[in-house]
Structure formats: structure tokens, C-alpha cells
Amino acid sequence: MGSLRRRWNRVDRVVYDIEQAFVVGGLLVMTCTYFLTVVFSNMKLPYNKVDQALVRLAGYADTQSAPDALLEAIKHVYTPVVAGALTFVLAMLALRTREKLGRPKDSAVPPIRWLRLVLGGVLVTAGIYVGLKIIELVPARYMGLASVALLMGVTAYYARAIRAYVRLTSGFVGAVLVAVYFALKTNDTYGWNAGFSAVLLMYVAFLGASMATREGRHIRVDAVRKAIKGPGYHLYEATSLVVTILFTAFLFWMALDYTGLLHETGVTHADSGLPQWIVALPITLAFLLIMIRFSAQLVYAIGAWRRREPAPAPQVELH
């Protein structure tokens with residue numbers, strides 16, 4: 001039993017690392033594309049938020065009531081100056097704060113090196129401006145591909161440092177799939193982002209549920225379980241796991257049947273352009289993995305009950 005359990009733990013750990021790579025990667029891609037969408041949409045506005053604020057400060061209700069000459073001056077002169085100055089000041093404050101980080105609490109505050117601070121603020125401001133213009137001018141599909149390459153580079157660096165090769169390989173596979181989607185399904189704008197993010201959310205949510213099962217962070221009814229102190233605890237666990245496995249198996253069968261039906265009919269997810277069965281696939285995979293993990297827990301619970309092991313000591317659980 002001990003040898004079998006060790007083998008299962010190794011397999012389960014590999015599966016968990018793969019799930020973690022896809023979940024973390026999905027969250028990073030969702031965050032990155034959402035950021036690009038917000039910046040792109042604001043850069044393409046005829047008058048951005050700073051323009052509109054300056055128009056109101058000039059005494060006009062909105063841009064439609066302001067004279068054209070004023071709008072041109074605000075858009076091409078005042079807004080760049082105001083936005084640039086604010087960015088420069090915030091960049092200097094951020095750099096100054098960074099100089100103080102990591103120092104002992106009672107150590108003296110380092111002196112302000114104004115030349116270095118000003119040059120750093122100028123470089124940060126210029127970098128932000130160039131980055132915004134790149135997002136505005138470069139088509140969305142290429143920005144998406146560049147973002148995936150950047151995220152994969154950072155992931156490879158940290159995964160190699162901690163020798164997480166399974167996560168690295170899984171992340172590379174996920175990055176290739178996302179890159180293929182960007183290359184084939186996206187266009188020059190970010191109208192596809194909402195649909196694609198919805199697909200990624202399905203994978204993050206259901207694979208995350210499977211991960212929670214492995215970590216023991218799923219929802220449990222603790223009132224009875226925590227009241228049992230002897231070997232009966234494991235019998236109660238086994239009984240509840242049987243019920244849970246049966247219910248999860250039913251959900252898996254329903255999800256598998258639905259995914260197969262979507263594959264046969266060839267329905268397309270309108271918002272992302274992907275086949276609908278790909279969108280529903282994480283539901284089936286998650287219920288399958290949850291059922292297998294609960295089954296392993298059932299075997300352990302029955303074994304503990306047969307050995308008459310006492311109930312484990314109560315622990316603080318962070319669900």
C-alpha cells in the first residue's frame with residue numbers, strides 16, 4: 001500500500017503541476033490582454049480622460065461645446081504637458097521609494113541624489129510614453145504574440161531557478177496554443193478579448209476546482225466530521241466520499257456527453273471563434289480529475305479505518 005501510495009502521489013503531483021501551469025498562465029494572459037485592451041481603447045479615443053478633464057477646467061461642459069481651437073491646444077499641447085509632468089513626478093517618487101526599500105528600520109534615510117532621480121524619472125516617463133504608442137500603433141495580434149513570448153521568458157527564468165520542469169513544459173505547451181490562437185483568430189483590434197478571456201476563465205475556474213480538491217480546500221460539511229474522535233472518523237470519511245464520488249461521476253458523465261454533442265455538431269463559440277467543445281472541455285477534465293482524486297482519498301480512508309487509526313488532530317483550515 002505504501003509503495004502504491006507513493007506512486008500515486010508522484011503522478012498526482014505531476015498532474016497538479018500541469019494544472020497549476022495552465023491556471024497561472026491563463027490568469028497572466030487574461031491580465032495582460034485586459035491591460036492592452038484598456039490602453040488601446042483609451043489611446044484610440046478622440047479625447048481621452050485628461051483631455052475631458054482639462055475641457056471642464058476651461059469652463060465647458062464637454063468636448064462638443066468647446067471651440068475647436070481650444071480642443072486642438074488641449075489635445076496636442078496641454079494634455080501631453082500635464083500627463084507627462086504627473087508621470088515624471090510619480091516616477092521620481094517611485095524611484096525614491098525603491099531606494100528606501102530593504103534597508104534596516106533604524107538606518108539613516110539615504111540622501112537624495114537629484115541628478116540620478118531626475119534622469120531616472122525622465123527615462124521612466126519616456127519608456128511609458130513609448131510603450132503606450134506601441135500599444136496604440138502595433139496590431140493586437142502582434143502585441144498578443146509579444147506578450148506571450150515575454151511571459152514565457154519570465155516563466156522559463158523562474159521555473160528553471162526552482163527546477164520546475166513539468167510546469168515549464170506545460171507552460172510552453174499552453175503558450176504555443178495561445179500563440180496559435182493569436183495568430184489565426186485575432187485581428188488588429190481587441191474586440192476578441194472578451195470572448196477569449198471567457199474561455200480562459202472556464203479553464204482557470206474548473207482546473208482550479210480540481211487543484212482545490214487535491215489541496216483539501218474544497219467545501220466540506222465539518223459539523224459531524226470534527227465531532228468524531230476515534231477510528232469512526234475514517235469510516236465517516238469513506239461514506240461521505242462514496243456519496244461525493246457518485247455525484248461527481250454523474251456530473252462527469254453529463255459533461256462528457258455534452259462535450260461530445262458539441263464536438264459532433266461543430267458549434268462555434270461566437271465571441272472567441274473557437275469550437276464550443278474546446279470551451280466546455282475543462283468541465284469534463286475537472287470532474288474526471290476530481291473523481292479520481294476523491295477515489296484515492298476513499299482508498300486511504302478505508303485503509304485507515306481497517307487499521308483502526310485514530311482521527312487526525314484538528315488543524316486550522318484556510319478554505
*Output for region 44-80, where each listed residue is surrounded by fewer than 10 Cβ atoms within 10 Å (Cβ to Cβ) and either among the charged types (D, E, K, R) or under 19 Å from VAL118 (Cβ atoms) (or both)*: ASP68
*Among the residues of region 228-271, count how many are in a helix (DSSP H, G or I) and within 30 Å of ARG308 (Cα to Cα).*
18
*What are the residues in region 84-124 that are at pLDDT 80 or above, touching a helix residue (DSSP H, G or I) at 6+ places or on another chain (Cβ under 8 Å) and among the hydrophobic types (A, V, I, L, M, F, W, C), if any?*
PHE88, VAL89, ALA91, MET92, ALA94, LEU95, ILE112, LEU117, VAL118, VAL122, VAL124
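Can you go through ARG56, ARG13, ARG6, ARG96 and tell me which one is closer than 30 Å to PRO282 by Cβ, over 28 Å from the mean Cα position of the chain (by Cα) and not β-branched (Val, Ile, Thr)? Write out each step before concluding.
Values: ARG56 fails: closer than 30 Å to PRO282 by Cβ; ARG13 fails: over 28 Å from the mean Cα position of the chain (by Cα); ARG96 fails: closer than 30 Å to PRO282 by Cβ.
Among ARG56, ARG13, ARG6, ARG96, only ARG6 is closer than 30 Å to PRO282 by Cβ, over 28 Å from the mean Cα position of the chain (by Cα) and not β-branched (Val, Ile, Thr).
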_Considering only residues that are touching a residue at least 60 places away in the same chain (Cβ under 8 Å) and hydrophobic (A, V, I, L, M, F, W, C), which ones fall in region 169-204?_
ALA175, VAL178, TRP192, ALA194, PHE196, ALA198, VAL199, LEU200, LEU201, MET202, VAL204
_Count of region 239-263 residues which are crowded, with 18+ Cβ neighbours inside 10 Å and among the aliphatic types (A, V, I, L, M)_ = 4
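Does VAL178 count as assigned to a helix (DSSP H, G or I), in contact with a helix residue (DSSP H, G or I) (Cβ under 9 Å, 6 or more places away or on another chain) and either at pLDDT 90 or above or hydroxyl-bearing (Ser, Thr, Tyr) (or both)?
Yes: the conditions hold for VAL178.
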_For the structure I just gave you, tell me whether ALA194 is assigned to a helix (DSSP H, G or I) and in contact with a helix residue (DSSP H, G or I) (Cβ under 8 Å, 6 or more places away or on another chain)._
no
_Of all residues making up region 7-39, the number that are within 14 Å of SER197 (Cα to Cα) and either in contact with a strand residue (DSSP E or B) (Cβ under 9 Å, 6 or more places away or on another chain) or of a type outside the set (A, V, I, L, M, F, W, C) (or both)_ = 6
*Go through TYR236, TYR203 for me and flag whichever is surrounded by 14 or more Cβ atoms within 10 Å (Cβ to Cβ), modelled with pLDDT under 85 and within 27 Å of ASN9 (Cβ to Cβ).*
TYR236
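In region 3-25, is there at least one residue being acidic (Asp, Glu), surrounded by fewer than 17 Cβ atoms within 10 Å (Cβ to Cβ), over 30 Å from ALA164 (Cα atoms) and out of contact with any helix residue (DSSP H, G or I) (no Cβ under 6 Å at 6 or more places or on another chain)? Step through it out loud before you land on a result.
Within region 3-25, the subset acidic (Asp, Glu) is 12, 17, 19.
Narrowing further to those that are surrounded by fewer than 17 Cβ atoms within 10 Å (Cβ to Cβ): 12.
Checking the rest, the ones that are also over 30 Å from ALA164 (Cα atoms) come to none.
Checked region 3-25: no residue is acidic (Asp, Glu), surrounded by fewer than 17 Cβ atoms within 10 Å (Cβ to Cβ), over 30 Å from ALA164 (Cα atoms) and out of contact with any helix residue (DSSP H, G or I) (no Cβ under 6 Å at 6 or more places or on another chain).
Give the residues of region 62-118 that are within 30 Å of PRO46 (Cβ to Cβ), among the acidic types (Asp, Glu) and either touching a residue at least 60 places away in the same chain (Cβ under 8 Å) or not in a helix (DSSP H, G or I) (or both), sorted by residue number. Write out each step before concluding.
We begin by selecting, within region 62-118, every residue within 30 Å of PRO46 (Cβ to Cβ); these are 62-91.
Now narrow it down to the ones that are among the acidic types (Asp, Glu): 62, 68, 72.
Listed by number, the list holds a single entry, ASP62.
The values are calculated or read from the model by the stated rules, or taken from the named source; none is laboratory data. Bear in mind the structure is a predicted one, so any value in this text is a computation, not a measurement. Methodologically, a virtual Cβ is constructed for each residue, glycine included, from the backbone with ideal geometry; neighbour enumeration extends over all protein chains shown.
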